[in-house]
């Protein structure tokens with residue numbers, strides 16, 4: 001990896017997104033809900049912007065391919081954990097989100113060591129899962145600054161979608177990993 005990859009605009013935005021995280025958590029713990037929501041939205045915008053800049057400026061890097069999903073998982077996993085600690089997201093959703101991510105990391109590590117597989121692009125279900133998680137966290141944070149019946153209903157839908165897509169994407173990922181492994185070793 002070249003040190004210059006760190007200094008590309010997209011990778012700087014990804015690192016900035018990671019720096020938002022402690023301030024979001026501090027805002028939540030201090031019950032400064034408006035700030036937590038604003039910072040989470042800014043983190044989300046930086047996620048969209050870093051991908052757009054990488055493509056437009058032709059600054060797609062190997063570091064960015066790894067750093068971006070790590071920043072996403074760090075942000076979302078931390079948000080689910082903190083929001084569960086604060087009793088705003090039931091623990092079963094957080095346990096499910098963490099379990100899926102740990103399983104995917106484990107399978108990825110085994111595939112990398114056993115078969116030198118490095119192709120871990122997210123599937124359509126993985127992207128839907130991330131979208132459901134982001135929307136759910138946003139709605140839960142928004143619920144703290146705007147109390148309305150429709151927000152409670154949206155929270156329930158978001159939690160249901162997170163539950164469904166976490167399971168579907170986890171199963172699909174295992175299926176894809178098996179397919180990729182079979183392509184590299186027909187004896188499997």
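Here, each number is a calculation from the coordinates, and none is a lab measurement. Everything numeric in this text was worked out from a predicted model, so none of it was measured.
With viscosity 1.306 mPa s and temperature 10 °C, the Kirkwood radius over alpha carbon pairs of the stretch 122-164 converts through Stokes-Einstein to a diffusion coefficient of 151 µm²/s. Axis of helix 124-145 versus longest Cα principal axis of the chain: the two differ by about 20°, to the nearest ten degrees. In units of the compact-protein estimate 2.2 N^0.38 Å, the stretch 1-87 shows a Cα radius of gyration of 1.16.
Normalised by residue number, the volume inside the convex hull of the Cα atoms of the chain is 124 Å³ per residue. With Cα atoms defining each centre, the stretch 28-106 and the stretch 137-188 are spaced 13 Å apart in the structure. Note on the stretch 88-188: Kirkwood hydrodynamic radius from all Cα pairs is 14.9 Å, rounded to one decimal. Which residue fluctuates the most in the chain, going by a Gaussian network model with Cα springs under 10 Å, if the choices are 162, 14, 131? Among 162, 14, 131, the largest mean-square fluctuation in the Gaussian network model of the chain belongs to 131. May I ask for the angle, rounded to the nearest 10°, between helix 9-29 and the longest principal axis of the chain, with both axes built from Cα atoms and the value confined to 0 to 90°? Value to nearest ten degrees: 40.
Computed over the chain, the per-residue total of -39500 (n - 2.57) for DSSP H runs of n ≥ 4 gives a 222 nm mean residue ellipticity of -28500 deg cm²/dmol, rounded to 500.
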